[in-house]
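The values are calculated or read from the model by the stated rules, or taken from the named source; none is laboratory data. Bear in mind the structure is a predicted one, so any value in this text is a computation, not a measurement. Neighbour counts are summed over all protein chains in view; Cβ atoms, including those assigned to glycine, are modelled from backbone coordinates with ideal geometry. The accessibility values were calculated without ligands, DNA or RNA, using every heavy atom of the protein model including side chains. Shrake-Rupley method; radii C 1.70, N 1.55, O 1.52, S 1.80 Å.
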Amino acid sequence: MSALPDSVAVRQGGPEDLERVAEIQALSPEASGWEVRNYLDHDFRVAVCGGIVAAFSVARRVSSDESELLNLAVDPGHRRKGLGTALLQDLRQRHPGAVFLEVRESNSAARMLYKSFGFRDLGRRPGYYQDPPEAAVVMGIRSCYCHR
């Protein structure tokens, strides 16, 4: 995994971040299109680069040892800078145990990133996504993250 630039910080997202997160989500049609205001009801994290929110993730715990990554998106102008990696590292620290997600079948960059963290393909959900209609690949990881 790549080293992160010194200017990257991951923090809890808040209401003040929703407008920027909506912009990132709109610029990322391959990501899920959840209602942004609902992110505040979950584990909503943002990656800040150079003083601006450049990426975000949203996860929820579904049981004591299982979580679901609902969305992760990086502003197209900030991709390939380690922000997705930073958010996944943060996710694994905050959500030990099993983590599951769905990803567009055509989103090979995201699938490769998830696989680099140890996620494996578990199944396929035809017609899961809209605009355009597309299948989702269900991915998961069951290993525990050791806190240091």
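Please say if region 1-72 is rounded, prolate or oblate, where rounded means a/c under 1.5 for a ≥ b ≥ c the square roots of the C-alpha gyration tensor eigenvalues, and otherwise the choice is prolate for a/b larger than b/c and oblate otherwise? Oblate, because a/c is 1.5 or more while a/b does not exceed b/c. Rounded to the nearest 500 deg cm²/dmol, what is the calculated helix-only ellipticity per residue at 222 nm for the chain, with -39500 (n - 2.57) per DSSP H run of length n ≥ 4? -6000 deg cm²/dmol, from helical runs alone.
Here the 3J(HN,Hα) profile of region 129-142, calculated from phi with Karplus coefficients 6.51, -1.76 and 1.60 at θ = phi - 60°, is 9, 10, 6, x, x, 6, 6, 9, 9, 8, 10, x, 9, 10 Hz, Gly and Pro shown as x. Highest mean first, the peptides 120-133, 102-115, 83-96 sorted by other C-beta atoms within 10 Å per residue fall in the order 83-96, 102-115, 120-133.
Measuring r between the beta carbons of ALA26 and ALA98 and using R0 = 30 Å, the FRET efficiency lands at 0.45. Evaluated with a Cβ-only charge set (Lys, Arg +1; Asp, Glu -1), region 1-139 carries a dipole of roughly 440 debye about its Cα centre, given to the nearest 20. Volume of the convex hull of region 61-131 (Cα atoms only), normalised per residue: 107 Å³. Once you have a ≥ b ≥ c as the square roots of the Cα gyration tensor eigenvalues for the chain, tell me rounded if a/c is under 1.5, and otherwise prolate or oblate according to whether a/b is larger than b/c. It is rounded, given that a/c, with a ≥ b ≥ c, falls under 1.5. Residues in the chain average 53 Å² of solvent-accessible surface per residue, probe 1.4 Å, ligands and nucleic acids excluded. Could you please state how large a percent of the accessible area of the chain is carbon and sulfur, counting protein chains only and using a 1.4 Å probe? Accessible surface attributable to carbon and sulfur in the chain totals 51 percent. Sorting the segments 44-56, 26-38 by their residues' average number of neighbouring beta-carbon atoms within 10 angstrom, most packed first, yields 44-56, 26-38.
Across region 99-106, rounded Karplus estimates of 3J(HN,Hα) from the backbone phi angles (6.51 cos²θ - 1.76 cosθ + 1.60, θ = phi - 60°) give 9, 10, 7, 10, 9, 4, 4, 7 Hz, Gly and Pro being marked x. Going by a ≥ b ≥ c, the root eigenvalues of the Cα gyration tensor, does region 43-87 fall in the rounded group (a/c under 1.5), the prolate group (a/b larger than b/c) or the oblate group? Prolate shape, in that a/c is at least 1.5 and a/b is the bigger ratio.
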